[in-house]
Amino acid sequence: MLMRTVTRTGGILFAAVLAVVLTGCSGGTSAVPTATATRTVTATPTAVAESPSPSSTPTPTCGPSSGAEAAAQPIADLPLPAGLEDAKWDAANADTSGYEACAPLSWVTVSVELATGSSPVAILLFHDGRYLGTATKEQYGFVPDISRTDPSTIAVTYHYAKPDETTADASGRTNATFRWDDAAGRVVMTGQTPPEG
């Protein structure tokens, strides 16, 4: 009786709505097992189990906490100065007090075994605990005075014997500054090193 009172356009509309409702009921049941959401829910617990949350948290990248550990391999690989090829760097007595694992620039000094007051001293430089190399290509005699002027900069006072001075009376001094330049990604040196010879 209701179908007779509906116009032809209304009947088509009613039939379309009825078809959608019926298709949704039957189609929805068959689509659920193959839905992507079902697979994602199943895969998520496995991914969490394989990747614990602590490893996914970003942490600062710093070197070893110990200066001795950070300098061990660089000292082992450090070439000896000309004329001292039979000597050995004294890693056991390296001064690691200037090393900081997360500092933009830090240092470790090392001399040769059985060093005298004028024996060569290497200044090893580190950025965030990663070894960069020595402060200078040549390793100068006498223990330098090194201090931090800011987190990225160190000041070095080199000592040397002037002409006609003995090593015990060495009065020569030069000053150099080493600064980590973030933009350049390297250490920049200003100042002077001891004179050659």
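The values are calculated or read from the model by the stated rules, or taken from the named source; none is laboratory data. Quick caveat, the model's predicted, so the values are computed rather than measured. Here Cβ is always computed from backbone atoms with ideal geometry, including for glycine, and neighbour counts include all displayed protein chains. Note: areas computed on protein heavy atoms with side chains; ligands, DNA, RNA excluded. Shrake-Rupley method; radii C 1.70, N 1.55, O 1.52, S 1.80 Å.
Scanning region 146-190 for residues that are within 23 Å of the chain's Cα centre (by Cα) and part of a loop (DSSP other than H, G, I, E, B) returns Pro151, Ser152, Asp182, Ala183, Ala184, Gly185.
Filtering region 134-145 down to residues that are in contact (Cβ under 8 Å) with a residue 24 or more places away in the chain and assigned to a strand (DSSP E or B), which residue is surrounded by the fewest Cβ atoms within 10 Å (Cβ to Cβ)? Per the stated criteria, the residue is Thr134. Considering only residues that are over 15 Å from the mean Cα position of the chain (by Cα) and acidic (Asp, Glu), which ones fall in region 99-145? Once the filter is applied, which keeps residues that are over 15 Å from the mean Cα position of the chain (by Cα) and acidic (Asp, Glu), region 99-145 yields Glu113, Glu138, Asp145. Note on region 74-130: among residues that are closer than 23 Å to Phe178 by Cα and polar (S, T, N, Q), the one that is most open to solvent (accessible area, probe 1.4 Å) is Ser97.
The set of residues from region 150-175 being touching a residue at least 40 places away in the same chain (Cβ under 8 Å) and either farther than 24 Å from Glu100 by Cα or surrounded by 14 or more Cβ atoms within 10 Å (Cβ to Cβ) (or both) comprises Ser152, Thr153, Ile154, Ala161, Thr167, Ala168, Ala170.
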